[in-house]
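So the structure is just underneath, and the comments pick up after that.
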Amino acid sequence: MTDSNVARNLYTVPIKNMILLIIGLKGEAHGYEILKEIEKMTFGNWKPSHGNLYTMLNNLAKEGLIESREEYRGKRRVVKYALTENGWLYLREANELTLKSLYLAVQYHERLREKLEEMGYGKGIAVTAIDSYIELLDGIISILGEKKRELEELKREKELRGTGS
């Protein structure tokens, strides 16, 4: 799958990526777990209907990105979903593109904030929100700093071994 295909899917069908991410991080998940995680990821602002979710799960299975497995809890049938090899490959590509998108999103965020202020629509950050904003930024910086250190170490190791790949 090319970057442009992944990008189109990231922006036109973000729920697809949310579902794959949830299943991937959990190892396997059933529909209700997925619904609750989506609700949590969207801060309670959105939850797809059961019908929409199961239609999406069926489509993901048809695309070969997930597979289902039935299990029984007493008389109750529970269908659990897991990523296929293609699902993991899709998430790997989407994850790489997400990092690039994060960089662009931060740039757009700052440009838009400046434009809003310039147009008179700016809103100062409330004192109570500053600590939360700083905490959020510190978390992002920490994650990206650690990833940068890992990649620099990997690069050094490859250069020492004389393998560029």
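The values are calculated or read from the model by the stated rules, or taken from the named source; none is laboratory data. Everything numeric in this text was worked out from a predicted model, so none of it was measured. With ideal geometry, Cβ positions are generated from the backbone for all residues, glycine too; neighbour counts draw on all protein chains shown. The area values use the complete protein model at the heavy-atom level, side chains included, leaving out ligands, DNA and RNA. Shrake-Rupley method; radii C 1.70, N 1.55, O 1.52, S 1.80 Å.
Summary of values
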| item | result |
| --- | --- |
| Candidates Gly139, Gly27, Gly51: whichever shows maximal mean-square fluctuation once the chain is modelled as a Gaussian network with Cα springs under 10 Å | Gly139 |
| Förster radius 41 Å - calculated FRET efficiency between Asn59 and Arg161 (Cβ-Cβ, nearest 0.05) | 0.40 |
| For the chain, built as a Gaussian network whose Cα springs stay under 10 Å, the top-fluctuating residue of Ala129, Ala61, Ala82 | Ala129 |
| Among Leu99, Leu112, Leu151: highest mean-square fluctuation, GNM of the chain, C-alpha pairs under 10 Å | Leu151 |
| Carbon and sulfur %, accessible surface of the chain computed with the full protein complex present, 1.4 Å | 58 percent |
| Estimated inter-spin distance, Lys148 and Ala129, nm [label 7 Å along Cα→Cβ] | 2.7 nm |
| Ser132 accessible area, 1.4 Å probe, all protein chains in place, Å² to nearest 10 | 80 Å² |
